[in-house]
Each structure stands twice: as C-alpha cells, then as structure tokens.
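Here's the structure we're looking at; comments come further down.
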Amino acid sequence: MIKKVAILANGGDVSGFNAVIRGIVKTAENHNVECYGFIEGYKGLLNNEFIRLDKTNIASGILAKGGSIIGSSTNANVFKYKQEENGQVVYKDLSDVCVENVRKDEFDCIFTLGGDSTQKSARDFCVKGLNIIGVPKTIDNDVACTDITFGYNTAVSVATEAIDRLHTTAETHHRIMVLEVMGREAGWIALESAIAGGADVALIPEIPYDIEKAAEKIKRRQEIGKNFSIVVVSEGAFPKGGNISTKNERDGGEGVINVQLGGAGEKVAKELEKLTGLTSRCTVLGYMQRGGTPTAYDRVLSTKYGSKAMELALEEKFGVLTVLKNGKLDYVPLEEVVGDNKELGAVQGGTTNSNVRVVTMDDDLVKTARNIGICLGD
C-alpha cells in the first residue's frame, strides 16, 4: 500500500513544474496518500529538506504559476557531489545518504521531475533499491521515449511570439533578424518556432550548416523584392567542419554539463551580413523561454503527467518514466530512457552513450520545413 510519497523538481526551471506538482498532489489527496516535496531537487534529497504539500495551501493556486514552488537544483549530482575538504575540492558519492533519508522518512515512492540527466540519476537510485517514477521535463523536448516533454510548448510559444515581433522590425528596416533560442543537442524549439513564426532559415544542431546556403536563401528573397529575412538558430547549431559556440566553462562538478553555450546566433548574424550586404542583428531569447505562465497545452499536459505518475505509484509500477506516445499516456522503464548510459553517477546528457531524443531527418517537422521553403542550412 502506498501511503507516503515525495516529489522533487530538478534541473533548469520550466513552465509546467507546478502543474505537475499539483496533479500529483490532488491525485494523492483523492487516494488518502500523504504527499511531500523535497526542497531544491536532489540537493533537498541529500539534505533531507522537505515540506508537506497535501492538506495545505502550498499547492493551491499554482496551476498558472511559472517556476517551481519547491525549487529546483542544477549541477547537483549526488553520485559525484562537489565538496571542499582541507582547502581541496573533492567529489564524493553521497547517494547512499539520499537512500537512507528516503528510507528513514518512510517514503514509498519518489517522483523525479526533470530531463535526461535527472532521469539518469533516477534510474541509478532505482538500482540502489528506491521506488522511483519519473516525469519528463525540459524545454528542449529531448528526453528519450516520449513524444513531448512538459515545458516545451510554452518555450515554443514564447519563441514564436518573439519571431512575430522581430518580423516587423526586419521588414521596416530591411534587415536580417537572427533569433537564438535554446536547444543544446536538439533543435525542436528552433524548428517548430520557425514554422509557426514564418521564418526563412532555421539552423539546428542535427544539421551542420553551410552558411552560404543560408545566404543564398536570403539573396533569392532579395531578388523578388523581399529585403528582409528571419533566421532562427539553436544555441547548439554549428557549421560544417566547425564547432559549437561556447561562452564559458565552469567547474560545477563531475558528471554534469560544465560548458556554457553562447554566441551561435551572433556568429550567424555577422557572417550573413558579410555575405548578403543586409544589416543583421541578433536577439538571444535566453531564459525568457523558461519562465512565466505555462500555455493551456502545457497546463493540461503537466496535469496529465502528474496524475498518471501518481496512478502508477498506486499500482506500484516503479522504475519507470511517464510518457506520451501517439497521443496516449503510457510509461517506459527508466533503463530504456537512459540507453547505454548505465554507469552510476554519469548523469551528463549529450554524451555518446546518452539516449537523447533529437530531430531526425524523416520527422514531419523537417519535411514540412523543407516543403514550405525554410532553409535548414544544408
């Protein structure tokens, strides 16, 4: 019998976190299950800091609220946790402390709300004997085994609105307006927002681009009197034979992403200006894609995910990720989600072993983009 469960939200924030939390809490309340929330994700699990969410006002009125009422942590790899001892930085496996906390607190199930790195740690805790159910979160839409993650639709909507606004400036001043959006390994946001916003060029990580091809597209528009263009660039896009654009490298710990991307859009803007003669400007959307009110779609999707996750817990189906496949809620083993990335503690996404969901060339979005004349840089 499931009597007591806890939620943790981990990784970068997205719109929809709170709607998932609410979906879990409300379903738990309807089945007389106590529901708690760990503060700041895996960091809260390590520090054993949590609050009660059911039968309180904490989870009330949060459906339309962005962010996470229980916070979220980034770079908190408890399997290789960064600490300082005698003035030296050391990395320790503190996962057993987390396991002991869960057992001491008598939680029957932990819900992990997060992306591929979060679910990798979730799988590792399953190996250590904890009852885990994951919920797929990320604006990049790159979690394996599901058609869509919560937070993605809101990010696309924000990017589309930005494109709409850039269109007027581009047309008025005869410019190329470049919009850099998030998408480290996967170009879903760039591709879908480009289609929705009527962009002329979309450059994504899955297709190393030839800047000459993008310039040719813009020149053809000039030839028919269209002296402006809209270009959408994923932050992880890179030229053929080149590398991704990086902004900074940090020491956030082992087994986490330490390279900060940046500059892809600016690079494209400068090169297109030289090749076309049109003034080019770059706008980096950045964290605007993450925050704020979730769309109606994300509110419903998040609520469905939260309710389904609690339903799976009541059925004692653990070690799984809730997914949406062909329009229907389902679940898959976390072992499938992590792919070949089986080493305990190796949580960084985007590695050769990671099972990240990327855009494939036979995807309908790619076909649609090509059909309507969007240049993908190849």
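The values are calculated or read from the model by the stated rules, or taken from the named source; none is laboratory data. Source: prediction; values computed, not measured. When we count neighbours, we look across all protein chains shown, and the Cβ atoms used for this are built from the backbone with ideal geometry, even at glycine.
Among the residues of region 142-150, is any over 19 Å from residue 330 (Cβ atoms) and either in contact with a Cys (Cβ under 8 Å, 6 or more places away or on another chain) or not hydroxyl-bearing (Ser, Thr, Tyr) (or both)?
no
Would you say residue 243 is loosely packed, with under 15 Cβ neighbours inside 10 Å and either assigned to a loop (DSSP other than H, G, I, E, B) or touching a residue at least 12 places away in the same chain (Cβ under 8 Å) (or both)?
yes
If I ask for residues that are in contact (Cβ under 8 Å) with a residue 12 or more places away in the chain and small (Gly, Ala, Ser), which ones from region 289-321 would you list?
Scanning region 289-321 gives 291, 292, 302, 306, 307, 309, 313, 319.
May I ask you to say which residue of 44, 87 is modelled with pLDDT of 95 or more and either among the small types (Gly, Ala, Ser) or within 22 Å of residue 121 (Cα to Cα) (or both)?
Going through 44, 87 in turn, the sole match is 44.
When you scan region 1-13, do you find a residue that is modelled with pLDDT of 95 or more, assigned to a loop (DSSP other than H, G, I, E, B) and within 22 Å of residue 116 (Cβ to Cβ), even just one?
no
Given (1) under 26 Å from residue 148 (Cβ atoms); (2) β-branched (Val, Ile, Thr); (3) free of Cβ contacts under 8 Å to residues at least 40 places away in the same chain, where does residue 24 come up short, assuming only one miss?
It fails just one condition, (3).
Pull up region 141-159, narrow it to residues that are of a type in the set (Ser, Thr, Tyr) and in contact with a strand residue (DSSP E or B) (Cβ under 6 Å, 6 or more places away or on another chain), then point me to the one that is surrounded by the fewest Cβ atoms within 10 Å (Cβ to Cβ).
146
Determine which member of the set 73, 68, 15 is touching a Ser or Thr at 6+ places or on another chain (Cβ under 8 Å) and assigned by TED's automatic domain parsing to the domain that holds residue 130.
15
Which residues, taken from region 176-235, are in contact with a Ser or Thr (Cβ under 6 Å, 6 or more places away or on another chain) and modelled with pLDDT under 95?
Correct list: 183 only.
Residues in region 322-368 that are modelled with pLDDT under 90 and touching a Ser or Thr at 6+ places or on another chain (Cβ under 6 Å): how many?
Total satisfying the criteria: 3.
How many residues are outside any loop (DSSP other than H, G, I, E, B), more than 16 Å from residue 113 (Cα to Cα) and touching a residue at least 24 places away in the same chain (Cβ under 8 Å) if we restrict to region 69-93?
Residues in region 69-93 being outside any loop (DSSP other than H, G, I, E, B), more than 16 Å from residue 113 (Cα to Cα) and touching a residue at least 24 places away in the same chain (Cβ under 8 Å): 4 in total.
Which fully enclosed helices (runs of 4 or more DSSP H) of region 277-378 have 2 or more residues being within 28 Å of residue 23 (Cα to Cα) and touching a strand residue (DSSP E or B) at 6+ places or on another chain (Cβ under 8 Å)?
Those helices (runs of 4 or more DSSP H) span 296-314, 334-338.
Conditions (1) assigned to a strand (DSSP E or B); (2) surrounded by 19 or more Cβ atoms within 10 Å (Cβ to Cβ); (3) touching a residue at least 12 places away in the same chain (Cβ under 8 Å), marked per residue:
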| residue | (1), (2), (3) |
| --- | --- |
| 44 | no, yes, yes |
| 55 | no, no, yes |
| 59 | no, yes, yes |
| 67 | no, no, yes |
| 103 | no, no, no |
| 112 | yes, yes, yes |
| 117 | no, yes, yes |
| 123 | no, yes, yes |
| 139 | no, yes, yes |
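Just wondering, is there one or more residues in region 346-362 that are within 20 Å of the chain's Cα centre (by Cα) and among the acidic types (Asp, Glu)?
no
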